[in-house]
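Colleague: Handing you a structure now.
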Amino acid sequence: MTTADYDQASLPDLLPLYYRRLFPFSQYHRWLNYGGVTKNYFQNREFSFTLKDDIYVRYQSFSTQNELEKEMQKMNPYKIDIGAVYSHRPNQHNTVKSGSFQALEKELVFDIDMTDYDDVRSCCSGADICPKCWTLMTIAIRILDRALRDDFGFRHCLWVYSGRRGVHCWVCDEAARKLSVAARSAVAEYLSLVKGGDETVRKVVLSDPIHPFITESLTVVENYFSQYALLGQDILGSKEAVDKVLALLPEDVRKKLLQYFQTEKNPEKRWDTIRSMAQDKRMTAKKGHYFEMEIMLQYCYPRLDVNVSKGVNHLLKSPFSVHPKTGRISVPIDLRELDRFDPFEVPTISLICEELDQPKTEEEQDDNMENENKKEAGERRKMRDYKRTSLAKYVKLFDNFLEEMAHSRKGEVLKNSGECNLNP
Amino acid sequence: MQFYSRRKKLIGNSQTEQLYGHCLQFYGQPPIENISLSEFETFAVDRLKLLKTVENLGVSYVKTSELYTKKLDAEEFLPGLNVRNCETDEYEKRRKDHISHFILRLAYCQTEDLRRWFIQQEIDLFRYRFNDLPSKNIGQFLQYNNLHYHTISIDEKKKLMDKLVTSSFAVSGSTVDGKDFYKVPFQDALDLVRTRKVYLNGGYVYIPHQDIVTIVLNDFRTRLSKALALTARSLPAVQSDERLQPLLNHLSHAYVGQDYSIQKSIGKISLEQIDPLSAKSYPLCMRQLHRGLRDSHHLRHGGRMQYGLFLKGIGLTLDQALQFWRSEFVKGKVDADKFDKAYAYSIRHMFGKEGKRTDYTPYSCMKVILSNPPSQGDQHGCPFRHSDPELLKQKLQSYKVSPSGISQILELVKGMHYQLACQKYFELTHSVRTDSGFSLNHPNQYFMESQKLLGGPGAGVKVEVKREDNPATKPPNPSPHQTPGPGNLPQEVAAEITEDLDSFFQDA
């Protein structure tokens, strides 16, 4: 399957098609409604749209799925952001007494951006990505997803490709949505190990005791380090790269290595030496020396923007929204197939619009038979529409995610009513 | 008499059937019974004494040390507020503890400073009581107050041993074995999560016993803080009750700052320096007293107390003080013998070397202003409060204060802002502006700040804090606030109340 050539100029033609026939409104509404448990949860949610010519509108809100559809089909937004659930309908916020209009709840979110790794990747920089550095996202997702699940007990984490150079995580558990600013900030800090900007050379500092979270994260990094860093990024190959690594080491170690590297050129062997030197130091010195771990973390550990996660009212790009620069759809990522995820295979809006025009395959004709019982012909058509495109599998992923959440909710209800003893 | 119920929130259902089911209280619900005015007053004063003790001990001793605990034990016992024994059914004590806490909320909710002070002492008191609870009572307490913190079983501890030890610097293998560990939702332990100082799993942090106190204290602080804010909003309704208003006002004006009893710069001031210091760094009241002493070679009792303790506060040793007073009195009508017989004793008393050996503390502005007003021939008191404005003006003129400065001061005096007037005097005599954080409430503070500015020897800072005391007997005091119009308590009753409180501050 080839990705149809995408041109930003064709967005005005493609977007109407996308919003009329492909955008999964039903699932989208099902998500943000969260089972209708809390009154007005969907109605009080803020959306923001970026329209043609960079016109930005905030405090959009909708009473029903239908209203959402109609509005989006009318406005054809270039970008869609999702904000918080407020105390009142966002589109009426001007009528509310000053001070009463408050952001109440929102998913806990994380934004990992490849540009934050520019100091440690040699293959690309800025907005560019390639299969080599994409591994950083894989590592980030593995580490963070494990921590969110095992350490924090969150069960419903939706990972989404941002459309260009990073990934987002939406933690949708009820407990997560209710977190305060202080709590979100604490979670983000717990997950942060790489600190400092351009002026900081050594961005990871480890000391005793090494917390289990760090140990777990290192285990993940170790799985990828040899292939990604030593081979792919060649961090112990060229002199320039080696110097950067050496800058992170204590003086005496650096001196010894400089000498050693004059004869030993093999990156794997070089790394083994660094590792054993660290282990030796730990045996003999009183203080803990963890510089080999610090290097691994500095080059591979996820770098998240705490400010994105902190704010309850922070707006983040919506899943299934289009990235105007690349045309790619922000699709959910399948964690079961994480190592095989390829951002360059993510469908663009031009591709899926093109696929719409293709004749039906046999598979889809069978599906049609099943759906004959559906009431509306229009609905039928819509369901079939995205199904015949590359978007299908991503909507299915989203469906599974929503199904799990619904299942959880049912479990909670049963547990609370005392009828059934479920193990959490 | 009724309490106005400010919070309708109910904690639990079946658990609150027995009102004082647990010895330690979180003060979630206000009391809803009737009590007499005198019980109201006694409870309040007793608890205030206790909190002041908590404050003083907290400055002198490490808050978790044995010495601290022992001393606080004794203090708590006196007013019958020692509630820590969970085994016996101490209904009366718990009731007093409960009611007195809520009364003081009324008195201490009004300003940020008062709230902060109150919260700090209540937290310290709570920590001291909580630390002493045996394990099972802690569990009861947590349950009783709907704090979902459970201990983990021995098996679970064994399973998690490695993780627990590597998560926290403070936790070793023996800690895990010996102590209880609590499972707390991570939202209640954010600081520990943020800094990764604790083992986190499944949304719960595993906290050793000694740290559960911190968690509970944070909870306590948050609740109390919110409650005080709510109380402040309902205060107008309470204050309109004429019976309560004078008492609450007096309670909250109790001096709550440093006591300046012992200076680090003790002995750093020589007697020759006193005259120049009196002109440069003394507040007006002390300058007046010093002048009076120099002029008539004598001061009456009130003046001797006020000035004598001030001198102790600026760093004079007992020997210096004796020499100072003797040399001055001897120039007058008193010979050395008489001095030694009559006056030396009281100076030694001031320094805690006689009688009860209580180390008395220098008077705060509040005390100088509110108690023991000077009569004819007295030099003590606060000039801004007690001097006739004309005389005050003349005095300021003689001290070379500018005319515009003088009128500013007199304006403040007219508005009854005596301490602000003194602060203005400070600014004018030192040619500075004091910043917004500076709030003058103690003559020794004035001296210290002045010395700091001038780089003098009296600028040493670290102080030990003790109770304010005055061995002398006192005449009854007038109401602290001259609120005009109807609604005042009859003069004697008001005086009685204020005298009771003052007698606490002047432990006879």
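The values are calculated or read from the model by the stated rules, or taken from the named source; none is laboratory data. Predicted model only: the values in this text are computed from it and were never measured. Note: ideal-geometry Cβ built from the backbone for every residue, glycine included; neighbour counts use all protein chains shown. Each accessible area value is taken on the protein alone, full model and side chains, heavy atoms only, with ligands, DNA and RNA left out. Shrake-Rupley method; radii C 1.70, N 1.55, O 1.52, S 1.80 Å.
Colleague: Cα-Cα over 25 Å: which of A:K286/B:K163; B:K63/B:K158; B:K63/B:K163; A:K203/A:K281?
Modeller: Details: A:K286/B:K163 22 Å; B:K63/B:K158 32 Å; B:K63/B:K163 31 Å; A:K203/A:K281 21 Å.
Cα-Cα > 25 Å for B:K63/B:K158; B:K63/B:K163; rest within.
Colleague: Moving to a separate point now. Using a 10 angstrom cutoff on alpha carbons, build the Gaussian network for chain A and name the most mobile of A:S390, A:S207, A:S26.
Modeller: Checking each option, the largest mean-square fluctuation is seen for A:S207.
Colleague: Okay, moving on. Can you tell me which of B:167-176, B:278-287 comes out highest on packing, and rank the rest after it, using the mean Cβ neighbours within 10 Å?
Modeller: B:278-287, B:167-176
Colleague: Jot down the per residue volume, in cubic angstrom and as a whole number, of the convex hull over the alpha-carbon atoms of segment A:27-123.
Modeller: Hull volume normalised by residue count: 170 Å³.
Colleague: Compute the acute angle (0 to 90°) between the alpha-carbon long axis of helix A:267-284 and the principal axis of greatest extent of the alpha-carbon atoms of chain A; round to the nearest 10°.
Modeller: Taking the Cα atoms of chain A, the angle to A:267-284 is about 70 degrees.
Colleague: Also, I was wondering about something else. Of the candidates A:T215, A:T50, A:T200, which one comes out as most mobile in a Gaussian network treatment of chain A with C-alpha springs shorter than 10 Å?
Modeller: A:T200
Colleague: Using only the Cα atoms, work out Rg/Rh for segment A:236-309, with Rh taken as the Kirkwood radius, to two decimals.
Modeller: Result: Rg/Rh = 1.04.
Colleague: Just check segment B:321-451 against the gyration tensor rule for me: Cα atoms, a ≥ b ≥ c as the square roots of the eigenvalues, rounded for a/c under 1.5, and otherwise prolate or oblate depending on whether a/b exceeds b/c.
Modeller: prolate
Colleague: Excluding A:E337 itself, calculate the net charge of residues whose Cβ lies under 12 Å from the Cβ of A:E337, where each Lys or Arg counts +1 and each Asp or Glu counts -1.
Modeller: That sum, taken over residues with Cβ under 12 Å, equals -1.
Colleague: Do the sum for chain A: with -39,500 (n - 2.57) for every DSSP H run of n ≥ 4, divided by all residues, what is the mean residue ellipticity at 222 nm, to the nearest 500 deg cm²/dmol?
Modeller: -13000 deg cm²/dmol
Colleague: Please work out how much accessible surface A:D208 shows to a 1.4 Å probe, ignoring ligands, DNA and RNA, in Å² rounded to 10.
Modeller: Surface open to solvent at A:D208 totals about 70 Å².
Colleague: What residue among A:H29, A:Q298, B:S225 has its Cα farthest toward the positive end of the dipole of the protein assembly as shown, where the charges are +1 on Lys, Arg and -1 on Asp, Glu, each on the Cβ?
Modeller: B:S225
Colleague: Can you tell which of A:S122, B:W325, B:Q25 lies farthest toward the positive end of the dipole of the protein assembly as shown, using +1 and -1 charges on the Cβ of basic and acidic side chains (Lys, Arg; Asp, Glu)?
Modeller: Highest projection toward the positive end goes to B:W325.
Colleague: Quick check: from the Cα gyration tensor, does chain A come out rounded (a/c under 1.5), prolate or oblate?
Modeller: The shape class here is prolate.
Colleague: Along each of the three principal axes of the Cα atoms of segment A:119-162, give the extent in whole Å, ordering the values from largest to smallest.
Modeller: 36, 19, 15
Colleague: How big, in percent, is the set of alpha carbon pairs in segment A:35-187 lying more than 19 Å apart?
Modeller: That tail contains 64 percent of the Cα-Cα pairs.
Colleague: Here's another thing I want to ask about it. Which residue, A:G83, A:V160, A:T135, has the largest displacement toward the positive end of the dipole of segment A:47-199 when charges sit on each Cβ (Lys, Arg +1; Asp, Glu -1)?
Modeller: My answer, from the dipole projection, is A:G83.
Colleague: Which peptide among B:190-198, B:302-310, A:277-285 comes first, and what is the full order, when sorted by highest mean count of other Cβ atoms within 10 Å? Don't skip to the end; give the middle numbers.
Modeller: Numbers: B:190-198: 18.8, B:302-310: 23.8, A:277-285: 13.1.
Output ranking for B:190-198, B:302-310, A:277-285: B:302-310, B:190-198, A:277-285.
Colleague: Peptide A:172-179: average number of partner chain Cβ atoms within 10 Å per residue? Mind showing how you got there, number by number?
Modeller: Details: counts 0, 1, 0, 4, 1, 0, 1, 3.
Per residue, the number of nearby Cβ atoms from other chains is 1 on average.
Colleague: Straight distance only, please: which lysines reach the Cα of A:K410 with their own Cα at less than 25 Å, same-chain residues fewer than 8 apart left out?
Modeller: Straight-line reach from A:K410, under 25 Å: A:K39, A:K106, A:K178, A:K396.
Colleague: Please report, in debye to the nearest 20, how large the charge dipole of segment B:20-172 is about its Cα centre when each Lys and Arg carries +1 at its beta carbon and each Asp and Glu carries -1 there.
Modeller: Taking the Cα centre of segment B:20-172 as origin, the dipole is about 440 debye.
Colleague: Quick one: among A:S122, A:S318, A:S217, which has the greatest mean-square fluctuation in a GNM of chain A with alpha-carbon springs under 10 angstrom?
Modeller: A:S122
Colleague: A further question on this structure: Return the lysines within reach of B:K353: Cα separation strictly under 23 angstrom, same-chain partners fewer than 8 residues apart disregarded; answer none if there are no such residues.
Modeller: By straight Cα distance, B:K353 reaches B:K71, B:K264, B:K268, B:K312, B:K338, B:K341, B:K462, B:K466, B:K474.
Colleague: A follow-up question, please. Can you tell me the dipole magnitude for segment A:117-231 around its Cα centre, using point charges on the Cβ only (Lys, Arg +1; Asp, Glu -1), in Debye to the nearest 20? List each step's numbers first, then the result.
Modeller: Details: 14 positive and 14 negative charges, 65 e Å.
Dipole size: approximately 320 debye.
Colleague: Now a separate question. Taking every alpha carbon pair in segment B:324-384, what does the distance histogram look like in 5 angstrom bins from 0, in percent?
Modeller: Reading upward from the zero bin: 4, 16, 16, 16, 23, 19, 6, 0.
Colleague: Counting every Cα pair in segment A:154-215, what percent are over 18 Å apart?
Modeller: 58 percent
Colleague: What angle, in degrees between 0 and 90 and rounded to the nearest 10, separates the Cα long axis of helix A:392-417 from the longest principal axis of the Cα atoms of chain A?
Modeller: 80 degrees
Colleague: Follow-up question, since we're still on this one. Given the Cα atoms of segment A:169-308, and with Rh set as the inverse mean 1/r over their pairs in the Kirkwood sense, what is Rg to Rh to two decimals?
Modeller: My calculation puts Rg/Rh at 1.03.
Colleague: Convert 25 °C to kelvin, take the viscosity as 0.890 mPa s, use the Kirkwood radius over C-alpha pairs of segment B:175-238 as Rh, and evaluate the Stokes-Einstein diffusion coefficient in µm²/s, rounded to a whole number.
Modeller: Taking Rh from Cα pairs, D becomes 182 µm²/s.
Colleague: Then there's this: Dipole magnitude of the protein assembly as shown about its Cα centre, charges +1 at Lys/Arg Cβ and -1 at Asp/Glu Cβ only, in debye to the nearest 20?
Modeller: On the way: 127 positive and 122 negative charges, 399 e Å.
It comes to approximately 1920 debye.
Colleague: Per residue of A:150-163, how many C-beta atoms from partner chains lie within 10 Å of its own C-beta, taken as a mean?
Modeller: 2
Colleague: A further question on this structure: Where a ≥ b ≥ c are the square roots of the eigenvalues of the C-alpha gyration tensor, would you call segment A:185-227 rounded, which needs a/c under 1.5, or, failing that, prolate if a/b is larger than b/c, or oblate?
Modeller: Oblate shape, in that a/c is at least 1.5 and b/c is the bigger or equal ratio.
Colleague: How big is the protein assembly as shown on each of its three principal axes, counting only the C-alpha atoms and giving the largest first in Å?
Modeller: 123, 75, 64
Colleague: Shifting gears a bit: Could you work out the mean count of beta carbons from other protein chains within 10 Å of each residue's beta carbon in B:181-191?
Modeller: 3
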